[in-house]
Amino acid sequence: MSDMVQGLKVVVVVGVAGVGKSTVLSHARSALESEGYAVETLNYGDFMLRYVIDRGIAASRDEIRRLPLSEQRGIQAAVARELRDYIEGLPAKHPGKDVVVFVDTHATIKTATGFWPGLPEHVVKELRPDTIVVVEADPTSVVGRQSRDQSRYRRDYADVEVVKETMSLVRMFSVASATLVGASVNIVKNEEGEAENAGRAVAEIVKGI
Ligand code: ATP
Ligand code: AMP
Ligand code: MG
């Protein structure tokens, strides 16, 4: 890390619901912190959840994608601006350190009216990622992870064929979003029982950008 110029790397992380993004990122964070980076993980869904709870629109994160699309669009746009402001303040919050910001989010969201972009132009241009990391896993394993995770309601994705189709669309939406801002795309496999390895792979990608 340079002593002269403080770096800021923005990494957007996407993948089908239940593939293990949040789990992998907790490992990536530990790996990078042990090497002296300041790491902040911003979960887009957390920001959206706070927005809907404050306004009494919904009570849980898995309800958000069932709201009318016009409503989801407004929340998505408000959160993109909030995240940009937050990201801009991070170098001052961690003086002298290289800062890595992970944005834990979705390239596409399965809504009642179809697959909808999580990173349309107005969002990805606020986030300005250096790279988009696509987390993937065996579709049958993903369905198993979803059913074991009692803390979440992901039944709209809980079918091997839907997971397969969504994973394919996640790649397509990610490429489209990356192209708008000149970001690279990296695919990371989160094999069963190997989330820590996937986290290390993400950390290596980050160190290379
Ligand atoms: P969402 O998009 O819905 O937030 P996510 O991609 O963030 O989902 P996680 O919440 O990280 O997914 O993981 C879903 C479940 O799968 C959790 O119970 C987690 O412990 C488990 N899990 C994650 N990675 C692995 C792995 N490599 N092997 C086995 N289980 C895993
Ligand atoms: P998560 O916990 O990552 O599944 O996020 C919770 C919910 O937030 C998702 O199911 C979506 O409804 C919403 N969400 C997260 N990221 C985005 C995004 N970039 N655009 C629109 N909605 C999003
Ligand atoms: Mg998550």
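The values are calculated or read from the model by the stated rules, or taken from the named source; none is laboratory data. Predicted model, so just to flag it, every value in this text is computed and none were measured. Here Cβ is always computed from backbone atoms with ideal geometry, including for glycine, and neighbour counts include all displayed protein chains.
As an exercise: evaluate VAL10 against (1) more than 10 Å from ligand 2 (Cβ to nearest atom); (2) buried (at least 17 other Cβ atoms within 10 Å of the Cβ); (3) not in a strand (DSSP E or B); (4) not basic (Lys, Arg) and give the number of the one condition it does not meet.
It is condition (3) that VAL10 fails.
Can you list residue pairs whose Cβ atoms sit under 7 Å apart, with the first residue in region 16-28 being free of Cβ contacts under 8 Å to residues at least 60 places away in the same chain and the second being of a type in the set (Lys, Arg) and within 10 Å of ligand 3 (Cβ to nearest atom)? Count only pairs 6 or more apart in sequence or on different chains.
Qualifying pairs under 7 Å: none.
Residue check: is ALA203 farther than 29 Å from ALA58 by Cβ, more than 11 Å from ligand 1 (Cβ to nearest atom), small (Gly, Ala, Ser) and at pLDDT 95 or above? Break it down stepwise before answering.
Values: farther than 29 Å from ALA58 by Cβ: yes; more than 11 Å from ligand 1 (Cβ to nearest atom): yes; small (Gly, Ala, Ser): yes; at pLDDT 95 or above: yes.
Answer is yes for this residue.
Within region 13-34, count every residue that is surrounded by 24 or more Cβ atoms within 10 Å (Cβ to Cβ) and away from ligand 2 (no atom under 14 Å from the Cβ).
Qualifying residue count, region 13-34: 1.
Of the residues in region 131-175, how many are among the aromatic types (Phe, Trp, Tyr) and in contact with a helix residue (DSSP H, G or I) (Cβ under 9 Å, 6 or more places away or on another chain)?
2
Pick out, from region 99-209, the helices (runs of 4 or more DSSP H) lying fully within it that include 3 or more residues that are within 16 Å of ligand 3 (Cβ to nearest atom).
Per the criteria, 139-148, 160-181, 195-208.
Which residue pairs have Cβ atoms closer than 9 Å, lie 6 or more positions apart in sequence or on different chains, and pair a first residue in region 183-209 that is under 18 Å from VAL99 (Cα atoms) with a second residue that is away from ligand 2 (no atom under 16 Å from the Cβ) and of a type in the set (Phe, Trp, Tyr)?
From residues that are under 18 Å from VAL99 (Cα atoms), the pairs are ALA203/TYR37; VAL206/TYR37; LYS207/TYR37.
Only one of these conditions is not met by LEU49: (1) touching a Lys or Arg at 6+ places or on another chain (Cβ under 6 Å); (2) touching a residue at least 60 places away in the same chain (Cβ under 8 Å). Which number is it?
With (1) touching a Lys or Arg at 6+ places or on another chain (Cβ under 6 Å); (2) touching a residue at least 60 places away in the same chain (Cβ under 8 Å) applied to LEU49, the lone miss is (2).
Of the conditions (1) free of Cβ contacts under 8 Å to residues at least 40 places away in the same chain; (2) under 26 Å from LEU90 (Cα atoms); (3) not polar (S, T, N, Q), GLY56 satisfies every one except a single condition; which number is it?
With (1) free of Cβ contacts under 8 Å to residues at least 40 places away in the same chain; (2) under 26 Å from LEU90 (Cα atoms); (3) not polar (S, T, N, Q) applied to GLY56, the lone miss is (2).
If you take the residues in region 54-86 that are farther than 30 Å from LYS9 by Cβ and hydroxyl-bearing (Ser, Thr, Tyr), which one is surrounded by the fewest Cβ atoms within 10 Å (Cβ to Cβ)?
It comes out as SER70.
Do we have any residue at all in region 145-164 that's touching a Lys or Arg at 6+ places or on another chain (Cβ under 7 Å), at pLDDT 95 or above, within 16 Å of ligand 1 (Cβ to nearest atom) and over 20 Å from GLN76 (Cα atoms)?
Taking every residue of region 145-164 in turn, at least one turns out to be touching a Lys or Arg at 6+ places or on another chain (Cβ under 7 Å), at pLDDT 95 or above, within 16 Å of ligand 1 (Cβ to nearest atom) and over 20 Å from GLN76 (Cα atoms).
Are there any pairs with C-beta distances below 8 angstrom linking a residue in region 68-83 that is acidic (Asp, Glu) to a residue that is assigned to a helix (DSSP H, G or I), with the two at least 6 apart or on different chains, and if so which?
Going by the 8 Å Cβ cut-off, the qualifying pairs are GLU82/PHE47.
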